[in-house]
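Below is one structure, written out as structure tokens; comments come after it.
The values are calculated or read from the model by the stated rules, or taken from the named source; none is laboratory data. All of these numbers come straight from a predicted model, not from anything done at the bench. Cβ: placed from backbone, ideal geometry, glycine included. Neighbour counts: every protein chain shown.
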């Protein structure tokens, strides 16, 4: 939760100022050992929608105290940034539930995890980003992006699933369709998909207006719906394995990022969450949507990961992919997190999480800011470059005892594929007049390829076997009973029928 709409907290600039004032350097990562594990933080107290919230480095202790007090229905006492409630340095506490396993929470509306190949759409929100161009690699660059966050972000998501990387394999051990409370997935379960060939599905610079100076959760969710419509993802099926990363421009403070009330770097959520501040759940004509609140991380410097893995200029953008990897991992393992109680971060339904875990409980939260040991952050080699990432929680690590892992064998889905096809209303046409009718279908495995066929079409019309589009000019009047079939390479199929009437005029 420490990087998600359940805010994935990573300390902002306030931590840097405190570190300077106390002459104590805030560690970018804390030790992975039980004795020196970071005092975790959710940063979601009174903000239940901040799932997977990534706490800023050095803010863990007082955030954990606040979260614990909120869970107990108490008023949390103020704790100085950089110290725990024992007067020690932040990062030296021993989280009570850090080593408890993730459990499955039954899914929300039938969705627990991302079962197809994950697709990431990156949105640069607001005209403050300046003018757009393309670099030599084809990445979108923006004149207002003085630190170079945008192309780095795109390269990371484009590279996931390449060069045989197995960082993504850690997440594939999790699934849906199992009982609530399960800690593992039996053979045949619908596992999380692997991003073969890259997760980046699209980039959009929305410069239609300036982004809000401090957007609410509801406004960020609205932008995600707008993005789905922009990319043509107009149905629930089209958004099933998709996440939208809403990236705000420098100088803005979305949901309080980089302010005294926003001790986080990022968080994720979904549009149906009634606890979203600024208006609650967002009405979406394109189905529920998973999204991330991704602020302009370079504004927070070291407290949001700059220099966490690499030193000097080479580490200036470390936080972009450390935080990005955290929220990505949490979204695909807990796609639609839902709490019936708006003031409680404990899930009523959703994916994989550890309840009442002071870290925040999602797979990224439990391994955030680890500096040394087997769970430490590291540079992940991809076809698009080398990128600092954090490890994520693996229930089956250490012979089932659990732990933070940076690599894991890829678990492939063996569950039967499911194909769905959109309803087609009855049609009418005029003899000799050109027409085009689109057919929409979806496969539960995003890497599968659908083929289309039709029977009963009016003479003069044909269906494109690859796209499903029906085109042509009808040549004979009459009433035709048409059946359209979408089928993938495994034999899974779906069909729809409708009537097509052809008239003289």
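Quick rundown of the values:
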| quantity | calculated |
| --- | --- |
| Which numbered condition residue 446 fails, given (1) at pLDDT 95 or above; (2) at negative phi; (3) touching a strand residue (DSSP E or B) at 6+ places or on another chain (Cβ under 9 Å) | (1) |
| Yes/no for residue 199 being touching a helix residue (DSSP H, G or I) at 6+ places or on another chain (Cβ under 6 Å) and either assigned by TED's automatic domain parsing to the domain that holds residue 245 or under 26 Å from residue 133 (Cβ atoms) (or both) | yes |
| Strands (runs of 3 or more DSSP E) enclosed by segment 267-385 - at least 1 residues per element that are within 20 Å of residue 249 (Cα to Cα) | 290-294 |
| Test result for residue 434, free of Cβ contacts under 8 Å to residues at least 60 places away in the same chain and either surrounded by 19 or more Cβ atoms within 10 Å (Cβ to Cβ) or touching a strand residue (DSSP E or B) at 6+ places or on another chain (Cβ under 8 Å) (or both) | yes |
| Given (1) within 40 Å of the chain's Cα centre (by Cα); (2) part of a strand (DSSP E or B); (3) not assigned by TED's automatic domain parsing to the domain that holds residue 199, index of the condition residue 393 fails | (3) |
| Qualifying residue in segment 409-423 (condition: crowded, with 17+ Cβ neighbours inside 10 Å, touching a residue at least 40 places away in the same chain (Cβ under 8 Å) and on the phi > 0 side of the Ramachandran plot) | no |
| Within segment 104-113, tally of residues that are crowded, with 21+ Cβ neighbours inside 10 Å and either more than 20 Å from residue 413 (Cβ to Cβ) or touching a helix residue (DSSP H, G or I) at 6+ places or on another chain (Cβ under 9 Å) (or both) | 4 |
| Selection status of residue 255, assigned to a helix (DSSP H, G or I), within 30 Å of residue 234 (Cα to Cα) and more than 13 Å from the chain's Cα centre (by Cα) | yes |
| Filtered residues of segment 127-138 (kept if surrounded by fewer than 23 Cβ atoms within 10 Å (Cβ to Cβ) and in contact (Cβ under 8 Å) with a residue 40 or more places away in the chain) | 127, 128, 132, 137 |
| Some residue of segment 324-340 being in contact (Cβ under 8 Å) with a residue 24 or more places away in the chain, crowded, with 24+ Cβ neighbours inside 10 Å, more than 16 Å from the chain's Cα centre (by Cα) and under 25 Å from residue 227 (Cβ atoms) | no |
| So residue 115, is it modelled with pLDDT under 95, part of a loop (DSSP other than H, G, I, E, B) and in contact with a strand residue (DSSP E or B) (Cβ under 7 Å, 6 or more places away or on another chain) | yes |
| Checklist (1) at pLDDT 95 or above; (2) closer than 21 Å to residue 318 by Cβ applied to residue 368, failing item | (1) |
| Qualifying residue in segment 446-459 (condition: out of contact with any helix residue (DSSP H, G or I) (no Cβ under 8 Å at 6 or more places or on another chain), touching a residue at least 60 places away in the same chain (Cβ under 8 Å) and assigned to a strand (DSSP E or B)) | no |
| In segment 141-169, the residues that are crowded, with 17+ Cβ neighbours inside 10 Å and on the phi > 0 side of the Ramachandran plot | 161 |
| Hits in segment 466-498 - residues which are assigned to a strand (DSSP E or B) and surrounded by fewer than 16 Cβ atoms within 10 Å (Cβ to Cβ) | 471, 478, 479, 481, 483, 495, 497 |
